[in-house]
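Participant: Encoded as structure tokens, here's the structure I'll be asking about.
Please treat every number below as a calculation from the coordinates, not as lab data. Here the structure is a predicted model, which is why all the values come from computation and not from measurement. All Cβ positions, even for glycine, are placed from backbone atoms using ideal geometry, and neighbour counts span all protein chains on display.
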Amino acid sequence: MELNGKIALVTGASSGIGAATALKLAAAGAKVGLAARRVVRLDKLADQIRTTGGEAIAIEMDVVDRASVEAGVAKLVQAYGGLDIVFNNAGLMPISDVEALKVGEWHRMVDVNVKGLMNSTAAALPHLIERGSGHIVNTSSIAGRKVFAGLAVYCATKHAVSAFTEGLRLEVGKKHNIRVTSIQPGAVDTELFNHISDEGYRDQMEGLRDQMSFLSCDNIADTVMFALQAPAHVNVAELFVLPTDQPW
Ligand SMILES: NC(=O)c1ccc[n+]([C@@H]2O[C@H](COP(=O)([O-])OP(=O)(O)OC[C@H]3O[C@@H](n4cnc5c(N)ncnc54)[C@H](OP(=O)(O)O)[C@@H]3O)[C@@H](O)[C@H]2O)c1
């Protein structure tokens, strides 16, 4: 798909993979809605994009809150006149053993990683259907393909993302000419570990940096761009992208 002039929503655009992808989308000529809760960061990113000749607006959005998501999508559609691309990327990974019973963190992961992604899909889909084309890219994970001890709930949420993504592709690909892609990264250098409250797991995750060369956010942004820029009749359904030296 030619991205120049296309209108894209990126959730989780305030840091990491989302911010890197938003920059590449804007550089390719897309008009980008930058969505997340930390609006100061979004404003800074929007300024950076505009300074380099791109187009972007900051959209304060909590994906857990349906009204916030609907309002954010409406703001983007009103600003640019439609919607072509959705990068459902917001997510978090506060991992711990199940027996630690951090039920609040489990619910938070389900709310953001699964229900949040469904909220933004629900708000965006009618606009893509109206256009008769579009592309939805969902950030799953290696944890959406395999299960790891300590990551039971995170893996459950990312398996749900993978299943939802494939089901969506089956329903809207042929019927509405909408492509649907699941991105499944391994270890990427982002802020994702910052929210791990279990010190042991946080140290373990940080320690992985000494064992392998983490992917950069740009590496994943490039894979998203590959899927988006494929010819219109090509739906890159899944992209499983790992550090070369990731041994699991
Ligand atoms: N890093 C990895 O190794 C890795 C591997 C596989 C998959 N992933 C996935 O990649 C995605 C992006 O994560 P990242 O690694 O780039 O980490 P990150 O830098 O922590 O980014 C997470 C993004 O999600 C947003 N977010 C969290 N809760 C939100 C909410 N309630 N509403 C709206 N936005 C929310 C955050 O923005 P605000 O806090 O400003 O709202 C932030 O922009 C996640 O889905 C993650 O599961 C990451």
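Participant: Most fluctuating residue of L92, L170, L125 in a GNM of the chain with Cα springs under 10 Å: which is it?
Facilitator: Among L92, L170, L125, the largest mean-square fluctuation in the Gaussian network model of the chain belongs to L170.
Participant: OK, next. I'd like the Karplus ³J(HN,Hα) series for the range 198-213: coefficients 6.51, -1.76, 1.60, θ = phi - 60°, whole numbers in Hz, and an x wherever there's a Gly or Pro.
Facilitator: Couplings: 7, 4, x, 5, 5, 4, 4, 5, 4, x, 4, 4, 7, 9, 7, 8 Hz.
Participant: Here's something else I'd like to know. Any idea what the relative contact order of the range 1-111 is, in percent, if you count C-alpha pairs under 8 Å spaced at least 6 apart?
Facilitator: Relative contact order, the range 1-111: 28 percent.
Participant: Against the longest alpha carbon principal axis of the chain, how many degrees, from 0 to 90 and to the nearest 10, is the axis of helix 16-27 turned?
Facilitator: Roughly 20 degrees, rounded to the nearest 10.
Participant: If you fit an axis through the alpha-carbon atoms of helix 152-176 and take the longest principal axis of the Cα set of the chain, what angle between them do you get, 0 to 90°, nearest 10?
Facilitator: Rounded to the nearest ten degrees, it is 20.
Participant: Placing +1 at every Lys and Arg Cβ and -1 at every Asp and Glu Cβ, with all other atoms neutral, what dipole size does the range 169-248 have around its Cα centre, in debye to the nearest 20?
Facilitator: 740
Participant: Next question. Suppose every Lys and Arg Cβ carries +1 and every Asp and Glu Cβ carries -1, with no other charges. What dipole size does the range 65-125 come out with about its Cα centre, to the nearest 20 debye?
Facilitator: 160
Participant: Apply 1/(1 + (r/R0)^6) to the Cβ-Cβ distance of A71 and H233, taking R0 = 35 Å, and write down the FRET efficiency to the nearest 0.05.
Facilitator: The pair A71/H233 has a calculated efficiency of 0.50.
Participant: Under a Cβ-only charge scheme (Lys and Arg +1, Asp and Glu -1), can you give me the dipole magnitude of the chain about the Cα centre, in debye to the nearest 20?
Facilitator: It works out to roughly 760 debye.
Participant: I'd like to know which of V180, A143, G116 lies farthest towards the positive end of the charge dipole of the chain, counting +1 on Cβ of Lys and Arg and -1 on Cβ of Asp and Glu.
Facilitator: In the chain, that residue is V180.
Participant: Which pairs break 22 Å Cα to Cα here: K31/K75; K102/K158; K24/K174; K44/K158; K6/K115; K115/K158?
Facilitator: Over 22 Å apart, Cα to Cα: K24/K174; K44/K158; K6/K115.
Participant: When the chain is modelled as a GNM with alpha-carbon springs shorter than 10 Å, which of T52, T21, T139 fluctuates the most?
Facilitator: T52
Participant: List every residue whose amide H lies under 5 Å from the amide H of G134, counting only residues 5 or more places away in sequence or on a different chain, with H placed 1.01 Å from N in the peptide plane.
Facilitator: When sequence neighbours closer than 5 places are left aside, the close amide H contacts are R179.
Participant: Contact order normalised by length for the range 136-245, with contacts defined as Cα pairs under 8 Å and 6 or more residues apart; what percent is it?
Facilitator: Here the relative contact order equals 31 percent.
Participant: Among A232, A46, A149, determine the one that fluctuates most according to a GNM of the chain built with springs between C-alpha atoms less than 10 Å apart.
Facilitator: Answer for the Gaussian network model of the chain: A149.
Participant: Taking the chain as the reference, fit the longest principal axis to its C-alpha atoms, fit the long axis of helix 217-229 to the helix C-alpha atoms, and give the angle between the two in degrees, 0 to 90, nearest 10.
Facilitator: Approximately 40 degrees, to the nearest 10.
Participant: Please list, in chain and number order, the residues 5+ apart from F240 or on another chain whose amide H is under 5 Å from its amide H, with Hs placed from the backbone.
Facilitator: Excluding prolines and chain starts, which carry no amide H, the hits are Q184.
Participant: Then there is this: Need one word for the range 142-233: rounded, prolate or oblate. Basis is the Cα gyration tensor (sqrt eigenvalues a ≥ b ≥ c); a/c below 1.5 gives rounded, then a/b vs b/c decides.
Facilitator: It is oblate, given that a/c is not under 1.5 and a/b is not larger than b/c.
Participant: Taking only C-alpha pairs under 8 Å that are 6+ residues apart, what is the relative contact order of the chain in percent?
Facilitator: Reported relative contact order: 20 percent.
Participant: Expected output is a single nm value to one decimal: the length gained when fully extending between E199 and K146, i.e. 0.36 nm times separation in residues minus the C-alpha distance. What is it?
Facilitator: Contour length minus the Cα-Cα distance gives 16.7 nm.
Participant: Just for the range 7-239, what percent of DSSP beta bridges are antiparallel, to the closest 5?
Facilitator: In the range 7-239, DSSP labels about 0 percent of beta bridges as antiparallel.
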